[in-house]
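**Q** Would you mind keeping the following structure in view while I ask a few things?
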Amino acid sequence: MNDFDNHEQMNNFNETRNKEIFIQQEERSIPDHYGNDVILEWNAPEYVHYKKEQEWYIIAGLLLSAIIIYALVKNSPLMAITFILIGVVGYIHLEKEPRNLRFRITHDGVIADKELYEFEDIKSFWIFYEPEFQVISLRTDSHLLPFVHIPIHNEDPLEIRDILLKFIPEAKHKPSLVDSIERAFHI
């Protein structure tokens, strides 16, 4: 065995070790004591991914093109560039498959992947259980993002409701304008 082979083996070992360390650090991003008392756990896609027909893209492209042409006619290149970027970023987002995340309800709060929403920061909850829209809506103390939606996927909404009622009150939440637009246009 020559020095080259030893060097290559050492590099492979280091790469494997670095990956193991990264995975361990990722798993520890939520303090250990929050994961010890899991009441319910499930995996679900982070959002509903709607398959779009070609007509959907044609209509969206025509609408976006009309706005860009209007911006150019009004001598507003910044507006045109902004809408071009919105179109590119929107297309990338719409074509991206949702990540499969882990959700947990513990005695301390609701964990969505690596984000903990503590019960003391949650004012109320509501479960929307409609075709293509099954989520737990959490009303938080945050002024910037007052509602957090946790997908239910295939879980029993009555079981989730019974668990959450032990920690936080239930209050009817209305779907926001953004939620309604997302469902209407399948975005």
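**Q** Give just the number: which of (1) more than 21 Å from Ala184 (Cα to Cα); (2) crowded, with 18+ Cβ neighbours inside 10 Å does Ile150 not satisfy?
**A** Here Ile150 clears every test but (1).
**Q** Of the numbered conditions (1) at negative phi; (2) not assigned by TED's automatic domain parsing to the domain that holds Val38, Val135 fails exactly one; give the number of that condition.
**A** For Val135, the failing item is (2).
**Q** If Ile67 passes every condition in (1) touching a Phe, Trp or Tyr at 6+ places or on another chain (Cβ under 8 Å); (2) assigned to a helix (DSSP H, G or I); (3) over 25 Å from Ile181 (Cβ atoms) but one, which one does it miss?
**A** (3) is the only condition that Ile67 fails.
**Q** Something else about it: Determine whether the range 161-175 contains at least one residue that is in a loop (DSSP other than H, G, I, E, B), out of contact with any Ser or Thr (no Cβ under 9 Å at 6 or more places or on another chain) and either surrounded by 12 or more Cβ atoms within 10 Å (Cβ to Cβ) or of a type in the set (A, V, I, L, M, F, W, C) (or both).
**A** yes
**Q** Could I ask something else about it? For the range 103-111, indicate whether the set of residues that are over 17 Å from the mean Cα position of the chain (by Cα), of a type in the set (D, E, K, R) and crowded, with 17+ Cβ neighbours inside 10 Å is non-empty.
**A** Within the range 103-111 (the criterion being over 17 Å from the mean Cα position of the chain (by Cα), of a type in the set (D, E, K, R) and crowded, with 17+ Cβ neighbours inside 10 Å), the answer is yes, since at least one residue qualifies.
The values are calculated or read from the model by the stated rules, or taken from the named source; none is laboratory data. In this text the structure is predicted, and so the values were computed from the model without any measurement. A quick note on method: Cβ atoms are made from the backbone with ideal geometry, for glycine too, and the neighbour counts reach across all protein chains shown.
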